[in-house]
Amino acid sequence: MKAISNERKIATFIAVVMILIHLATLMAFYTGVSSIALNIAILMYFVRGMGITIGFHRYFSHKSFKTNRFFQFILGFWGSLANEGGVLWWASHHRNHHQNSDTPKDLHSPITHSFFQSHLGWMWSPSCVERNKVRCNDLSRFPELKLLNKHYGAIVIGQMLFFAFLGHLLRPYGTNPLQMFVWGFCISTVANWHVTFMVNSVCHVWGTQPYKSGDKSRNNLLVAILTHGEGWHNNHHMFGWSARNGLRWYQIDTSYYLLKVFEMLGIVKDLRIPQKSEQLLGKLSSLKVT
């Protein structure tokens, strides 16, 4: 009998954990919901989502703005709260996605793979945990980021314990440890997972394509609202280095708005945004292609 590879074992473990967290959301029918548990779940949906968009995506994957080393660590920890993998792993896979978008080497393309594979299945495959050829040497030179990446699992477990303890502390407000665990951790995490994964799946199938970016990326308003601006995916694939995905005034991009607040506070600087002339050239080059 052929031995099961370590990659297959790890991928199976990831699949089991994610399925169990999905199933745990059903305990909401048993725990019920209190206003405090619901508010914490909504708050954590935004916290986790912004950690991915601002931290893991726009900063670590694309370096679309600059910050100091302390806030860089905060961004790494913040993004880790989304329970989508360690910071180096996430950035490496995302950079691979941009280098090989909608080709067989793109693990989560609905064009070259199935829709389910692009949305969720790729995270349960051995390829997901194999050593990625796209390195993040610019990030791995920081020991604190390597530490966050290595101990990502501890951050997940720590959150589970934290929300259970928070439920105990907030008993006077009508909640309890199990209810807060279900809403503050499980439901919030699963909701954020699926809206994030929609960028990989939905935004390569449905939506508009103002730029010919060399792949099937699409702008999708619904996904943009749910993901704090990540749904302007065709814009992003045309200008991957941009700190702003919603390039038009009417394209809602709450992640960018928060970055502007951070800029005013002096926390971040040098936000990279394509000039109107660059956007126009992109449009013109797209017209030439057609």
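The values are calculated or read from the model by the stated rules, or taken from the named source; none is laboratory data. Please read these numbers as outputs of a predicted model, since none were measured by experiment. Here Cβ is always computed from backbone atoms with ideal geometry, including for glycine, and neighbour counts include all displayed protein chains.
Considering SER101, SER109, SER114, which residue is within 16 Å of the chain's Cα centre (by Cα) and among the polar types (S, T, N, Q)? The conditions single out SER109. Is it the case, given these coordinates, that PHE162 is among the hydrophobic types (A, V, I, L, M, F, W, C) and touching a residue at least 60 places away in the same chain (Cβ under 8 Å)? Spelling it out, it is not the case that PHE162 is among the hydrophobic types (A, V, I, L, M, F, W, C) and touching a residue at least 60 places away in the same chain (Cβ under 8 Å). The numbered conditions (1) buried (at least 17 other Cβ atoms within 10 Å of the Cβ); (2) within 29 Å of PHE163 (Cα to Cα); (3) not aliphatic (A, V, I, L, M) are all true for SER109 except (2). Set side by side, the residues THR196, THR208, THR254, THR227 differ, and just one is surrounded by fewer than 17 Cβ atoms within 10 Å (Cβ to Cβ) and either polar (S, T, N, Q) or out of contact with any His (no Cβ under 8 Å at 6 or more places or on another chain) (or both), which is THR208. Here ALA224 passes the criteria (1) in a helix (DSSP H, G or I); (2) touching a residue at least 40 places away in the same chain (Cβ under 8 Å); (3) small (Gly, Ala, Ser) except the one numbered (2).
Scanning segment 1-19 for residues that are of a type in the set (A, V, I, L, M) and either closer than 14 Å to TRP193 by Cα or surrounded by 13 or more Cβ atoms within 10 Å (Cβ to Cβ) (or both) yields ILE10, ALA11, ILE14, ALA15, VAL17, MET18, ILE19.
Okay, residues lined up against (1) under 17 Å from the mean Cα position of the chain (by Cα); (2) within 23 Å of PRO143 (Cα to Cα); (3) at pLDDT below 95; (4) of a type in the set (A, V, I, L, M):
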{"residue": "ASN39", "(1), (2), (3), (4)": "no, no, no, no"}
{"residue": "ILE52", "(1), (2), (3), (4)": "yes, yes, no, yes"}
{"residue": "HIS57", "(1), (2), (3), (4)": "yes, yes, no, no"}
{"residue": "GLY79", "(1), (2), (3), (4)": "yes, yes, no, no"}
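Taken residue by residue, segment 258-267 has at least one member that is modelled with pLDDT of 95 or more, surrounded by 23 or more Cβ atoms within 10 Å (Cβ to Cβ) and in contact with a helix residue (DSSP H, G or I) (Cβ under 7 Å, 6 or more places away or on another chain). Of all the residues in segment 178-211, those that are over 16 Å from the mean Cα position of the chain (by Cα), polar (S, T, N, Q) and closer than 18 Å to LEU23 by Cβ number 1.
Considered as a group, the residues in segment 78-91 that are in a helix (DSSP H, G or I) and of a type in the set (A, V, I, L, M, F, W, C) include one that is surrounded by the fewest Cβ atoms within 10 Å (Cβ to Cβ), and that residue is TRP89.
Rundown of residues vs (1) within 26 Å of GLN99 (Cα to Cα); (2) of a type in the set (Gly, Ala, Ser), yes/no style:
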site	(1), (2)
ILE4	no, no
THR12	no, no
ILE36	no, no
ALA41	no, yes
PHE60	yes, no
PHE65	yes, no
ILE74	no, no
LEU81	no, no
VAL87	yes, no
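Scan segment 92-106 for residues that are surrounded by fewer than 18 Cβ atoms within 10 Å (Cβ to Cβ) and more than 16 Å from HIS237 (Cβ to Cβ) and the total you get is 1.
Take the conditions of a type in the set (S, T, N, Q) and under 21 Å from PHE165 (Cβ atoms) and apply them to SER5. Does it pass? No.
The set of residues in segment 62-74 that are touching a residue at least 24 places away in the same chain (Cβ under 8 Å), farther than 16 Å from ARG141 by Cβ and part of a helix (DSSP H, G or I) contains only PHE71. Only one of the numbered conditions (1) within 18 Å of the chain's Cα centre (by Cα); (2) in a helix (DSSP H, G or I); (3) of a type in the set (Ser, Thr, Tyr) is violated by TYR30, and that is (1).
Among the residues here, HIS22 does not qualify as crowded, with 17+ Cβ neighbours inside 10 Å and part of a helix (DSSP H, G or I).
Residue selection: LEU75 fails the criterion of being at pLDDT below 95 and aliphatic (A, V, I, L, M).
Among the residues of segment 25-41, those that are hydrophobic (A, V, I, L, M, F, W, C) and surrounded by 14 or more Cβ atoms within 10 Å (Cβ to Cβ) comprise MET27, ALA28, VAL33, ILE36, ALA37, LEU38, ILE40, ALA41.
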